[in-house]
1. Considering only residues of segment 131-148 that are open to solvent by 40 Å² or more (accessible area, probe 1.4 Å) and in contact (Cβ under 8 Å) with a residue 24 or more places away in the chain, which is farthest from Asp55 (Cα to Cα)?
2. Condition first: in contact (Cβ under 8 Å) with a residue 12 or more places away in the chain and over 18 Å from Phe157 (Cβ atoms). Can you find one or more residues in segment 94-112 that meet it?
3. Which members of segment 41-74 meet the condition of being open to solvent by less than 40 Å² (accessible area, probe 1.4 Å) and free of Cβ contacts under 8 Å to residues at least 60 places away in the same chain?
4. Would you mind finding the one in Arg96, Arg155, Arg128 that is open to solvent by 20 Å² or more (accessible area, probe 1.4 Å) and under 22 Å from Thr20 (Cβ atoms)?
5. With the requirement that a residue be in a helix (DSSP H, G or I), surrounded by 14 or more Cβ atoms within 10 Å (Cβ to Cβ) and among the small types (Gly, Ala, Ser), what does segment 8-40 give you?
Amino acid sequence: MTETDDDSPFPDTARLLAVTLDEASLGRDSVEVEHEREVAIFDLLEKNNFLLEGDGLDGPYTLHLSLADNRLVFAISDEDGNALQQIMLSLSPFRRIVKDYFLICDSYYAAIKTQPASKIEAIDMGRRGLHDEGSQLLLERLKGKVTVDIATARRLFTLLCALHWKG
């Protein structure tokens, strides 16, 4: 079981050890965008529960993310680099949420400079709501393929947004 929750349905091995990005399909970007991607990966690796569905696929895992035909490709391997599964998620269902999320983040950063705390808090609540919506959608899209907890889904959604961010 995980160290933080004895009632967790995840074995200790159900976790990501490494996450890499495919530069050929995802490209390199500005230093600022690259930093956001690195932070999102660091946060995900710091604490996650990630379990491939299927017998004998307990982990730990490595994850290589790439893009192909407007799909986010999850190439999942064991810790020795042996391929276990490839999952392709259409990005179309995420388009509106990611766009709205970036808009509200822009509003939040603008509000910090000039708005009262009550306005900033209201915008932040909306931002968290969109983040939760994106995380829930990610959980639904991974259902039957990978089991993650909501905290891991939130970190994965943050990474998905970092992959779309243009700085």
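1. That would be Glu133.
2. Yes; the residues of segment 94-112 include at least one that is in contact (Cβ under 8 Å) with a residue 12 or more places away in the chain and over 18 Å from Phe157 (Cβ atoms).
3. Result: Leu57, Gly59, Pro60, Tyr61, Thr62, Leu63, Ser66, Ala68, Val73.
4. Working: Arg96 fails: under 22 Å from Thr20 (Cβ atoms); Arg128 fails: under 22 Å from Thr20 (Cβ atoms).
Checking each option against the conditions leaves just Arg155.
5. First, pick out the residues of segment 8-40 that are in a helix (DSSP H, G or I): 23-26, 31-40.
So of that shortlist, the ones also surrounded by 14 or more Cβ atoms within 10 Å (Cβ to Cβ) come out as 26, 33-34, 36-37, 40.
Within segment 8-40, Ala40 is the sole residue that qualifies.
The values are calculated or read from the model by the stated rules, or taken from the named source; none is laboratory data. Everything numeric here is computed off the predicted structure, so don't read it as measured data. We place every Cβ from the backbone using ideal geometry, glycine too, and count neighbours over all the protein chains shown. These area figures cover heavy atoms from the full protein model, side chains too; ligands, DNA and RNA do not enter into them. Shrake-Rupley method; radii C 1.70, N 1.55, O 1.52, S 1.80 Å.
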